[in-house]
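What follows is one structure encoded as structure tokens, with my remarks underneath.
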Amino acid sequence: MTRIVKAKDGVDEGARILRDGGLVVFPTETVYGLGANAYDEKAVANIFKAKGRPQDNPLIVHISSLEQVKDIAVDIPDEFYALAERFMPGPLTVILKKSDKIPYVVTAGGETVGVRMPKNTYTRELISKSFPLAAPSANRSKHISPTTAQHVYEDLNGEVELILDDGPCQVGIESTVLDLTVDVPTILRPGAVTAEMLLDIVGQVSQNGKVIKIAKAPGMKYTHYAPKVDTVTAVNIEHAANEYDKQVSLGKNPVIVARDIYRDVVGERNLISLGVTVEDYTRNIYSALHTAEKAYDYIIVEELHGHGLEASVMNRVTKAAGGKEV
């Protein structure tokens, strides 16, 4: 039976479980992670089993100090340390060449590894008392990513011994993934650390500029973040309202997921609020989708339009909807 324990009270127990080869769910500022000793091939394999995750989808290694990077990666470029000084701890994963200490089960057979230092104090303490942790998001494969301990429990109860609960995640979408093993640093997955922010450090980045043939980063090769019911995005709130009315006429029980600024347009239609700002939207989107799929059979999500954080969160929302737009 899976137990939920407050993170501040469960660090020592979590470290013991990890040292014994077990799995522990830990909080980060992005989403909750499902972690195992990154150096233990057998323990890492159990992550894939618990999630139902394809083994050709690599994992990120989470660290508590920059010293640990030297055991995880080789030929580390100076840009990594410059990025780390600015963005670590934080929602940035950097792709480096892997060391021999990292088993291929972590990297899906590849020669590169993603490295990230989460902001959460209890998680960094957990890592410092055990090992660097290989971890994806703590949900069943292809389902919505978890931003609360309860989301994890609903997906993975019985698959993991301990969930460390530190409340809702503050960022709410997965980390930016930046590949430093190519000639031009390349964003493989957008996130809260945007291209504009990275330019200050690396000078130039590539984003959506070429086709990635091999999945170097988590969340690229498979459909992710998807609710269990039909989901679409709406170009604007008027389109959302029209789609809502259409689905009602077809006998559906739909809901609009949007910011409070559109309450007047939504009117008496079912609404799950995403707050007011873009930051609110990003923080709340996964939780809103979790809520929506339990109570409704059709989800209509407000689209954001713009660059930076807007583009990052829409990357997730578009995948959740399978590209379906109204």
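The values are calculated or read from the model by the stated rules, or taken from the named source; none is laboratory data. Keep in mind it's a predicted model, so treat the numbers as computed, not measured. Every residue, glycine as well, gets a Cβ built from its backbone with ideal geometry; the counts of neighbours run over all protein chains shown. Keep in mind that these areas ignore ligands, DNA and RNA; they rest on the heavy atoms of the full protein, side chains included. Shrake-Rupley method; radii C 1.70, N 1.55, O 1.52, S 1.80 Å.
Remarks
- Candidates Thr28, Thr107, filtered to the one that is touching a strand residue (DSSP E or B) at 6+ places or on another chain (Cβ under 7 Å) and either among the polar types (S, T, N, Q) or open to solvent by less than 10 Å² (accessible area, probe 1.4 Å) (or both): Thr107
- Residue in the stretch 300-316 that is nearest to Val278 (Cα to Cα), counting only those that are touching a Pro at 6+ places or on another chain (Cβ under 8 Å) and surrounded by 22 or more Cβ atoms within 10 Å (Cβ to Cβ): Ser312
- When restricted to residues that are open to solvent by less than 10 Å² (accessible area, probe 1.4 Å), within 16 Å of Met88 (Cα to Cα), outside any strand (DSSP E or B) and not small (Gly, Ala, Ser), the stretch 143-201 contains 2.
- Of the numbered criteria (1) open to solvent by 10 Å² or more (accessible area, probe 1.4 Å); (2) farther than 27 Å from Val177 by Cα; (3) at pLDDT 95 or above, the one Leu250 fails is (3).
- Qualifying residue in the stretch 317-326 (condition: touching a helix residue (DSSP H, G or I) at 6+ places or on another chain (Cβ under 8 Å), open to solvent by 30 Å² or more (accessible area, probe 1.4 Å) and assigned to a loop (DSSP other than H, G, I, E, B)): yes
- Among the residues of the stretch 60-87, those identified as within 22 Å of Thr30 (Cβ to Cβ) and in a loop (DSSP other than H, G, I, E, B) are Ile63, Ser64, Ser65.
- Residue within the stretch 285-299 that is open to solvent by 10 Å² or more (accessible area, probe 1.4 Å), under 21 Å from Thr194 (Cβ atoms) and part of a helix (DSSP H, G or I) present: no
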